[in-house]
Amino acid sequence: MSLINKSISFLKKPSKIILYLSEKRFFNFLADETYLKLIFRVRTGKKLKLDNPLTFNEKLQWLKLNWRDPVAIKCADKYEVREFVSERIGGEYLNEIYGVFNKPEEIDLGKLSDSFVLKGTHGSGYNIVCKNKANLNWNLARTQMNQWLKVNYFWRNREWVYKEIKPRIVCEKLLDQGNGEELQDYRFFCFNGEPKFISVDFSITNKQKTRRNLYDLNWNLLSEEISYPKELSLVIEKPEKLNEMISLSKELARDFPHARVDFYYIKGKIIFGEITFFHQSGMAKIKPYKFDEIMGSWLRLPGFKS
């Protein structure tokens, strides 16, 4: 397809234009509620009901506008959350850290391990996975990190927890599942402090190949899906320390209306990943739609009066 045809195809789809302008921060002037109603309609195809939110996705939008907790800001910071985790469940669940930096120029590549992960502390998706630093294009990585640091992630989806976070770079140990297996991310969806189900994501660095299995707390595979299809060909054994992981997620989420608590489980060791308050910014494709309503019924909004 020629560039002209591609341009015509793009211009014929208003939703794509709106999303493009959103990414370019064209709508920053809009009030939060107005912006969320616009972007919710474009991404989900549904009208956002804030007067009487019923679904999980709707209630996450309500929380963006009405819920505030300074502790949540600390938990959203990929570096500051370490102190919260250490106080709540213990530092033994934290991944090894090599350093935190205000800018890439502070990083001495020669002093780092041969493998590591670089993360932006102030948003989602800011990751550079280095398996062998001899093969790392450091100039490109540095440019990428400098671009991260210029972004206030709040404006993308109005997730207020990110607005005041100081942009930094944290360097951590690269985790390896072992036996050639892909790293698996165990995500515990907690509602008013109670874990309800778990998702396990595969191919988390490749969105085109991502698969997501959902399990109940007894490790039964659920039929429901959230944004990505199930992977039936890959059997994920129930973690021996599943009950401990459930208890840990409950402890970390106990003060929040909703929190997704992520862990890795490697060779019998539980390692904290992150805490997320707005899963996929409350715009995930949840199948069937009834499950979106069921998840919404689990979430009691603080101080909400219908």
- Query: On alpha-carbon atoms, Rg over Rh for the chain using Kirkwood Rh?
  - Reply: 0.96
- Past the 26 Å Cα-Cα mark, which pairs from Lys103/Lys173; Lys163/Lys196; Lys64/Lys305; Lys37/Lys305; Lys78/Lys103; Lys78/Lys150? Lys163/Lys196
- Query: So what does the Cα-only Debye profile of the stretch 74-214 read at q = 0.10, 0.15 Å⁻¹, as log10 I(q)/I(0), no solvent term?
  - Reply: -0.39, -0.92
- Of the candidates Asn132, Tyr79, Leu48, the farthest towards the positive dipole end of the stretch 36-165 (Lys/Arg Cβ +1, Asp/Glu Cβ -1, centred on the Cα centre) is Leu48
- Task: Please state the charge dipole magnitude for the chain, taken about the Cα centre, from unit charges on C-beta atoms (+1 on K and R, -1 on D and E), reported in debye and rounded to the nearest 20.
- Result: 1520 debye
- Place the peptides 33-46, 59-72 in order of packing, highest mean first, counting for every residue the other Cβ atoms within 10 Å and averaging per peptide. 59-72, 33-46
- Determine the calculated [θ] at 222 nm for the chain from helices alone, applying -39500 (n - 2.57) to every DSSP H run no shorter than 4 residues and normalising by the residue count; nearest 500 deg cm²/dmol. -9000 deg cm²/dmol
- With the charge dipole of the stretch 155-306 built from beta-carbon charges (+1 for Lys and Arg, -1 for Asp and Glu) about the Cα centre, the Cα from Phe191, Val235, Tyr162 projecting farthest to the positive end belongs to Tyr162
- Can you work out the accessible area per residue across the stretch 1-157, with the rest of the protein chains kept in place, probe 1.4 Å, in square angstrom? 56 Å²
- Check: the stretch 4-138 dipole with +1 on Lys, Arg Cβ and -1 on Asp, Glu Cβ, in debye: 1120 debye
- How long is the gain from Leu19 to Ser233 if the chain were fully straight, where each residue apart is worth 0.36 nm and the alpha carbon distance is subtracted? 73.6 nm
- Can you pull the percent of the chain's accessible area that's carbon plus sulfur, 1.4 Å probe, other chains left in place? 49 percent
- Task: Would you please give the FRET efficiency between Leu112 and Trp155, computed as 1/(1 + (r/R0)^6) with r the Cβ-Cβ distance and R0 = 25 Å, to the nearest 0.05?
- Result: 0.20
- Integer Hz, Karplus 6.51/-1.76/1.60 couplings in order for the stretch 118-128, x for Gly and Pro: 10, 10, x, 7, 10, x, 10, x, 8, 9, 10
- Residue separation times 0.36 nm, minus the C-alpha to C-alpha distance between Lys267 and Glu105: what's the value? 54.8 nm
- Work out the FRET efficiency for Leu50 and Glu87 from their Cβ-Cβ distance, taking R0 = 35 Å, and round it to the nearest 0.05. 0.55
- Place a +1 charge on the Cβ of each Lys and Arg in the stretch 83-138 and a -1 charge on the Cβ of each Asp and Glu, then give the dipole magnitude about the Cα centre in debye, rounded to the nearest 20. 240 debye
- Note on the structure: Length gained if Glu240 through Asn137 is fully extended, taking 0.36 nm per residue and subtracting the Cα-Cα distance, is 33.2 nm
- Expressed as a rounded percentage, what relative contact order does the chain have, with Cα pairs under 8 Å and six or more residues apart? 20 percent
- Using the reciprocal of the averaged 1/r over all distinct C-alpha pairs, how large is the Kirkwood radius of the stretch 149-191 in Å? 14.0 Å
- Item | Separation in nanometres of the label points that stand 7 Å from Cα toward Cβ, at Asn220 and Arg41 | 4.1 nm
- Note on the structure: When the charge dipole of the chain is computed with +1 at the Cβ of Lys and Arg and -1 at the Cβ of Asp and Glu, the Cα pointing farthest to the positive end, of Ala31, Asn102, Trp298, is that of Ala31
- State, as an integer percentage, the relative contact order of the stretch 1-151 based on alpha-carbon contacts under 8 Å between residues 6 or more apart. 12 percent
- Surrounding charge for Phe116, neighbours by C-beta under 13 angstrom, Lys/Arg +1, Asp/Glu -1, total 0
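The values are calculated or read from the model by the stated rules, or taken from the named source; none is laboratory data. Quantities reported herein were computed from a predicted structural model and do not represent experimental measurements. Note: ideal-geometry Cβ built from the backbone for every residue, glycine included; neighbour counts use all protein chains shown. The protein model used for the area step is the full one, side chains on, heavy atoms only, and it has no ligands, DNA or RNA in it. Shrake-Rupley method; radii C 1.70, N 1.55, O 1.52, S 1.80 Å.
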